[in-house]
1. Karplus couplings for the range A:251-267 from phi (6.51 cos²θ - 1.76 cosθ + 1.60, θ = phi - 60°), rounded to Hz, Gly and Pro as x?
2. Shortest first, in nm, what separates the label point of A:Ala215 from those of the same position in the other copies (7 Å along Cα→Cβ)?
3. Using all alpha carbons of the range A:132-289, what is the percent of pairwise distances in each 5 Å bin, ordered from the shortest bin to the longest?
4. Before anything else, pin down the relative contact order of chain A: Cα pairs under 8 Å, at least 6 apart, normalised by residue count, whole percent.
5. If you scale each eigenvalue of the Cα gyration tensor by 5 and take the root, what three semi-axes come out for the protein assembly as shown, rounded to whole angstrom and sorted largest first?
6. If each DSSP helix of 4+ residues adds -39,500 (n - 2.57) and the sum is divided by the residues in chain B, what number results at 222 nm, nearest 500 deg cm²/dmol?
7. When the Kirkwood hydrodynamic radius is evaluated over all pairs of different C-alpha atoms of the range A:25-82, what value in angstrom, to one decimal, is obtained?
8. What are the residues whose amide H is under 5 Å from the amide H of A:Val324, where those residues sit 5 or more places off or on another chain and H is modelled from the backbone?
2 protein chains.
Amino acid sequence: MNNPVLVEVLRGSLVESRHTGAVAVFDPDGKAVLALGDVDRPVFPRSAVKAIQALPLVESGAADAFGFGNKELALACASHSGEPQHVGLAARMLAKASLDEHALECGAHWPSNHEAMLALARRGDKPSALHNNCSGKHSGFLCGCRHMRIAHAGYIEPDHPYQQVIRRTMEEVTGAEHGEGNRGIDGCSIPTYAVPLKSLAIGFARMTTGKGLPADRAAAARRLLAACMAEPFYVSGSGKADLRLMQAAPGRIFVKTGAEAVYCGAVPELGLGIAIKCDDGQGRASEVAVAAVLSTLFRDDGAVQAALGDLAEPALRNWNGMHVGELKPAEALR
Amino acid sequence: MNNPVLVEVLRGSLVESRHTGAVAVFDPDGKAVLALGDVDRPVFPRSAVKAIQALPLVESGAADAFGFGNKELALACASHSGEPQHVGLAARMLAKASLDEHALECGAHWPSNHEAMLALARRGDKPSALHNNCSGKHSGFLCGCRHMRIAHAGYIEPDHPYQQVIRRTMEEVTGAEHGEGNRGIDGCSIPTYAVPLKSLAIGFARMTTGKGLPADRAAAARRLLAACMAEPFYVSGSGKADLRLMQAAPGRIFVKTGAEAVYCGAVPELGLGIAIKCDDGQGRASEVAVAAVLSTLFRDDGAVQAALGDLAEPALRNWNGMHVGELKPAEALR
């Protein structure tokens, strides 16, 4: 099945590039509200499921034991941009578990935030694992291990007890099998499992409604999504799409991006989960697609639609700041 | 017409993302040697046609008057990565025409070369227009204006006399109309015109064979392509695909990338021109596609094929350096 064009890139009045993909908006019972393209095709969700991967941190009691509030929980679900606030908070989370950055097994990379990167370079400094966009998630894993008295070394390996807890949690929430046959290795070295796009949408519908989840898990899920919506900067970073999308309707939109153009999200008041994958893996396209889908879901709320406008049709400017084109949702998304 | 999948992105054993596109390999008489997908669809070539845009610099006699050798001509055709050698040479080209960076109208951006960017930041410095990847092309434009005694201010505008010379040259070489209706603005602010993909391939077949071009233009074209093949670092930069592709068969492959996943190229010994566009605009895909096409064209030369191997099937590694997948030419390109 060929997926439809979801997003067009215009230069002047002509389409320069185009992005195909699939969109799944589902309720917790598995009913499709919107299904474009092949929603049964397995997709590696990558970082888009960090909120599900953070459930054991809350369910185990670790988050309470370490006194984590919204910011810490948001950072545990984050792909952050390595700004000082992110880096500092990850270090403090580790310190609560009597650990430091040397326990992190995610690898190091330069901050994606340009100013943060320049500041580091100007100090003659180099990035550490704390600057890795996944350091909050990994700090959450390490805190979970400490609280559950699991030896943390090798916590990124598929067979490590903590990864096994996460794997079972992912299976239970999404209803999709997570096995060796659909396993890959993520950018931060933990396993990632390719599951049908619609399973991801159903999973996030369950996360936001609690429907189909045990009561403890439902509470943990709601707490994590609420934390992300309350502190969207700690889920992402300055100017990032996740921050701007969640700020468009505070407390009413949860979104999380994943590498290779994945988006997962939820709209609590509608009880719906969202999952999007653009075939080519370009984030610029999935950002426009999720903004367009949210705009459709909030079709009766002009203020939210207006706040989403710039995200659904971002202008393209060149090095002189001239407007040279824009990205637009294609017909399938209008 | 739906374009075929040209490149697949694998994570573990599963396809995570896929890139569709079109490929045109033509001879100078307009005969197709390879045509995949819609080769009649207009494509903005962006920086992939810089060698054609540099023809007036040579044809006008400016290059000789200023004593430009292979390095200067290569830089005039370049999308360079802002390394000190590129920046210094662009400044020296301008100085020959009694100009400096203030005459450049391309805008400034940080070097794409990570080390060059860090070095600039560590010095507490900021990028100038000389660091813009197009500064060599713009320096060539300015030298052309000076030699032809054309006032250079506003040389980026479609109606400026020098842009008109370039526009006519582009029309004559590609055989495609360049008008207001197919015009866009490029990243460096000059006009870019969307023309059929096959016209770009035919244009580069003419550039390398001289067939269909007046004798002076044929000589200028061959001199420019030879300069790029002799000094591929000055066309691109350390580790860049253009450099590595041209190094795979020195003097036997010309390639030039353009933004939004365009590649143009030529194989002099076969008298063929190449033009590729991946629909979604991602350069990682067009790099693999052009390497795969070149590998096919050099099917009888094991050494060239071996040298192209890493480019046609690049490994994907994560932040810990683990092999997590690879890009591969899809069936249509094998």
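The values are calculated or read from the model by the stated rules, or taken from the named source; none is laboratory data. Keep in mind that this is a model prediction, so the values were computed, not measured. Cβ: placed from backbone, ideal geometry, glycine included. Neighbour counts: every protein chain shown. Note: accessible area is taken over every heavy atom of the protein model, side chains too, but ligands, DNA and RNA are not part of it. Shrake-Rupley method; radii C 1.70, N 1.55, O 1.52, S 1.80 Å.
1. Rounded to whole hertz, the list is x, 10, 9, 10, 9, 8, 7, x, 4, 6, 6, 9, 9, 10, x, 8, 10.
2. Copy-to-copy label distances at A:Ala215, shortest first: 9.5 nm.
3. Reading the bins upward from 0: 2, 9, 15, 21, 23, 19, 9, 2, 0.
4. 24
5. Ellipsoid semi-axes (Å, largest first): 47, 26, 23.
6. -11500 deg cm²/dmol
7. About 13.9 Å for the range A:25-82.
8. Under 5 Å from the amide H of A:Val324: A:Leu316, A:Arg317, A:Asn318.
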